[in-house]
Amino acid sequence: MKKKLAMLLASTMLVGSMLPLCGPSVVMAEEASELEGDITFWHSFTQGPRLETIQKAADAFMEEHPKVNIKIETFSWNDFYTKWTTGLASGNVPDMSTALVGQVAEMISADALIPINDLIDDIGRDKFNESALNECSVDDNNYAIPLYSHAMVMWIRKDLLEENNLEVPKTWDELYEAAKTLTKDGVYGLSFPCGTTDFQATNFLNFYVKSGGGSLLTDDLKANLTSDLALEGINYWLKVYNDCSPKDSVNYNVLDQATLYYQGKTAFDFNSGFQISGVQANSPDLLEYVDCYPIPTINEGDEQNGITTSNQPMVIWKNSEHPEICKEFIKTLYEEDTYVEFLHATPVGMLPALKGISDTDAYRDNEIIQQFEHAESVIADQIPGGTAIGFEHGPSIQAGIMTNQHVIEKMFQDIITNGTDVETAAKAAEDELNALFEVAQ
């Protein structure tokens, strides 16, 4: 990134001394240290339990600090991206928010965030995985703090595999053959989503390319869609679409895709542990047949240490008049009782970003976590070796643009809908991305 990032000084709180008598100086110190002001918190935890837990934490904070008001607004992940990018010029952005890692790279480039090194140090820098902090850092400044972690894995239906005498696929070829076999009786083997309101096709192509040791970006951060490995991945997903997927998936976003699995209409899917709560809500009778395994490799026996990891970040916006309130509120979200309650809002879907929490009795005292011990273990094992899409080269605005501009999704739609030659479409998408990269620099 070529833009020089501005460093803001966080406001400090005066702490009154404890004296035997409450004289005027003590009262003045207490008044000076009292938090006061209004902040707006945008987040994308639109599901009931997570939304309710965050609101409960905000209510408790406001009760403890009666001169503070926290206004919470929720947006879907896609709506949030539109909201902050259009609002940045006018200053219509929140005081604090959640974000996606790729979006944080764009926010940093736009000089829209403040560093929060002091907040991380106050909570305990050694409590977080260094890689999770580094993916939202520039020049030793941390611009985001991870709230929870998860990784993309392959979800299966144990009952369908057993009924058809199939083993859990370990390679992409095995997955295709199994998915093709299971595409029958109202069930699709594997849906391939490429709707242009989301980045699911980018995600799926990234699975294939990274499993082969490649990247969708070159070492010098150019788009990399015409390599032999990338073209092989594009053709693989087109084959899955043609033989194993509902044709409407050409327009699917992440929720459309996941809902098929929730409802028992797909045998395989790629997602995080959020699949469990989705199945539980939609098809509880299928819950006992749900499990996950690592994402396949190209060749049997290839090493696979994780593909796509998300360390869900929170950020404080430079526009905020009260960063000190944001920091103090964020601290309360990591207090063990509040933090465990939040994680339990979507058990196994949200794994702790803080070290040591997963070993506590409070965390493990959850029926879903106990039932899906294998799935939790698989996901946890994949987190350390994975990165956000494109971040295998480190955090970059190019990775954010590739994820957020949906160029790869449009490429797949062009091939599927218009019959454009794969190499021609891949070259056009590669050129379009590289042009966007140039403008951003």
Hey, which of the helices (runs of 4 or more DSSP H) in the stretch 110-172, taking only ones fully inside, have at least 1 residues that are at pLDDT below 95 and among the aliphatic types (A, V, I, L, M)?
130-134
For Tyr188, indicate whether it is part of a helix (DSSP H, G or I) and touching a residue at least 24 places away in the same chain (Cβ under 8 Å).
no
Being open to solvent by 40 Å² or more (accessible area, probe 1.4 Å) and within 17 Å of Gln200 (Cα to Cα) is the filter; apply it to the stretch 71-87 and report the residue that is nearest to the chain's Cα centre (by Cα).
Trp77
What are the pairs with Cβ atoms under 9 angstrom where one residue, in the stretch 241-254, is under 19 Å from Gly419 (Cβ atoms) and the other, located anywhere, is modelled with pLDDT under 95 and open to solvent by 20 Å² or more (accessible area, probe 1.4 Å)? Sequence gap at least six, or different chains.
Asn251/Thr197
When the stretch 151-176 is examined, which residues are found to be in contact (Cβ under 8 Å) with a residue 40 or more places away in the chain and among the hydrophobic types (A, V, I, L, M, F, W, C)?
Ala151, Met152, Val153, Met154, Trp155, Ile156, Leu160, Leu161, Val168, Trp172, Leu175
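Do you know which residues across the stretch 298-315 are in contact (Cβ under 8 Å) with a residue 60 or more places away in the chain and either open to solvent by 10 Å² or more (accessible area, probe 1.4 Å) or not in a strand (DSSP E or B) (or both)? Reasoning before the result, please.
Step one: list which residues in the stretch 298-315 are in contact (Cβ under 8 Å) with a residue 60 or more places away in the chain, which gives 298-300, 302, 304-315.
Ile298, Asn299, Glu300, Asp302, Gln304, Asn305, Gly306, Ile307, Thr308, Ser310, Asn311 - these are the residues of the stretch 298-315 that are in contact (Cβ under 8 Å) with a residue 60 or more places away in the chain and either open to solvent by 10 Å² or more (accessible area, probe 1.4 Å) or not in a strand (DSSP E or B) (or both).
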How many residues, within the stretch 257-280, are closer than 19 Å to Val240 by Cβ and outside any loop (DSSP other than H, G, I, E, B)?
12
Restricting the stretch 118-163 to residues that are in contact with a helix residue (DSSP H, G or I) (Cβ under 7 Å, 6 or more places away or on another chain) and open to solvent by 70 Å² or more (accessible area, probe 1.4 Å), the one nearest to Thr181 (Cα to Cα) turns out to be Lys158
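Has the stretch 316-338 got at least one residue that is over 30 Å from Pro66 (Cα atoms), open to solvent by 20 Å² or more (accessible area, probe 1.4 Å), touching a strand residue (DSSP E or B) at 6+ places or on another chain (Cβ under 8 Å) and in a loop (DSSP other than H, G, I, E, B)? Step through it out loud before you land on a result.
So the first thing to find is which residues in the stretch 316-338 are over 30 Å from Pro66 (Cα atoms), and the list is none.
No, because not a single residue in the stretch 316-338 is over 30 Å from Pro66 (Cα atoms), open to solvent by 20 Å² or more (accessible area, probe 1.4 Å), touching a strand residue (DSSP E or B) at 6+ places or on another chain (Cβ under 8 Å) and in a loop (DSSP other than H, G, I, E, B).
The values are calculated or read from the model by the stated rules, or taken from the named source; none is laboratory data. On a predicted model such as this, the values are computed, not experimentally measured, just so you know. As a convention, Cβ positions derive from the backbone with ideal geometry for all residues, glycine included, and neighbour counts pool all protein chains shown. Remember, those area values only see protein heavy atoms, side chains included, never the ligands or the DNA or RNA. Shrake-Rupley method; radii C 1.70, N 1.55, O 1.52, S 1.80 Å.
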